[in-house]
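J.: Supplied in structure tokens, the structure appears directly below.
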Amino acid sequence: MKRGLTNVRWLSLLCLLALSSCHRKQTFEERMLEEIAAFNQREVPKRMDEVTVMDSLRYEPESRSIAYFYTLEGLADNDSVLTEELRDQQREGLLGNLRGSIQLKPYKEQGLSFEYCYYSHKSGKLLMRFAFTADDYNQ
């Protein structure tokens, strides 16, 4: 009887160890949220050029999109400077960078959308917003 009880204890211990060593596989959304949080903690705010600062990055699981948030300062922080032609050039430049980006390849393979939002340093209002889907960057 004692031997049978000892076997049950060992079996229970082995089962407990086996279960505790099983790790639940992280979902894509969970991994994205972790990666974005780590990026925000390490990398931002980040000066991109003399008039642009990257403030943060955000992942929206519901829409499966990555959003970049920037602040425009100095000469660029002016509605009259941001002409339609300049906005079109910015859009085309962002789309070209997105299409050619090797760093974003894993996210593009998942079909994520990308959004770029530019805010005024002076007023805090949204100055420009560009959104791209897989249809845009896979052309």
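The values are calculated or read from the model by the stated rules, or taken from the named source; none is laboratory data. Everything numeric here is computed off the predicted structure, so don't read it as measured data. Positions of Cβ are backbone-derived with ideal geometry, glycine not excepted, and every protein chain shown enters the neighbour counts.
J.: Do we find a residue being out of contact with any Asp or Glu (no Cβ under 8 Å at 6 or more places or on another chain), surrounded by 15 or more Cβ atoms within 10 Å (Cβ to Cβ) and farther than 25 Å from Tyr137 by Cα anywhere in the range 77-85?
T.: Looking only at the range 77-85, we keep the residues that are out of contact with any Asp or Glu (no Cβ under 8 Å at 6 or more places or on another chain), and these are 77-85.
Imposing the further condition that a residue be surrounded by 15 or more Cβ atoms within 10 Å (Cβ to Cβ) reduces the set to 77, 82.
Then drop every residue that is not farther than 25 Å from Tyr137 by Cα, which leaves 77.
Yes - at least one qualifying residue is present in the range 77-85.
J.: Restricting to the range 89-135, give me the number of residues that are over 18 Å from the mean Cα position of the chain (by Cα), surrounded by 15 or more Cβ atoms within 10 Å (Cβ to Cβ) and among the charged types (D, E, K, R).
T.: So the answer is 1.
J.: How many residues are out of contact with any strand residue (DSSP E or B) (no Cβ under 9 Å at 6 or more places or on another chain) and either of a type in the set (Ser, Thr, Tyr) or in contact (Cβ under 8 Å) with a residue 24 or more places away in the chain (or both) if we restrict to the range 100-121? Spell out how you get there, then give the answer.
T.: Just the residues of the range 100-121 that are out of contact with any strand residue (DSSP E or B) (no Cβ under 9 Å at 6 or more places or on another chain), to begin with: 100-103, 105-106, 109-111.
From what's left, either of a type in the set (Ser, Thr, Tyr) or in contact (Cβ under 8 Å) with a residue 24 or more places away in the chain (or both): 101, 110-111.
The total comes to 3.
J.: Name the residue, out of Ser56, Ser65, Ser80, Ser101, that is modelled with pLDDT of 95 or more and within 20 Å of Lys125 (Cβ to Cβ).
T.: Values: Ser65 fails: within 20 Å of Lys125 (Cβ to Cβ); Ser80 fails: modelled with pLDDT of 95 or more; Ser101 fails: within 20 Å of Lys125 (Cβ to Cβ).
Of Ser56, Ser65, Ser80, Ser101, the one residue that is modelled with pLDDT of 95 or more and within 20 Å of Lys125 (Cβ to Cβ) is Ser56.
J.: Looking at Val44, Val53, can you tell me which residue is closer than 17 Å to Cys117 by Cα and touching a Pro at 6+ places or on another chain (Cβ under 8 Å)? Before you say what the answer is, go through the steps one by one.
T.: On the way: Val44 fails: touching a Pro at 6+ places or on another chain (Cβ under 8 Å).
The conditions single out Val53.
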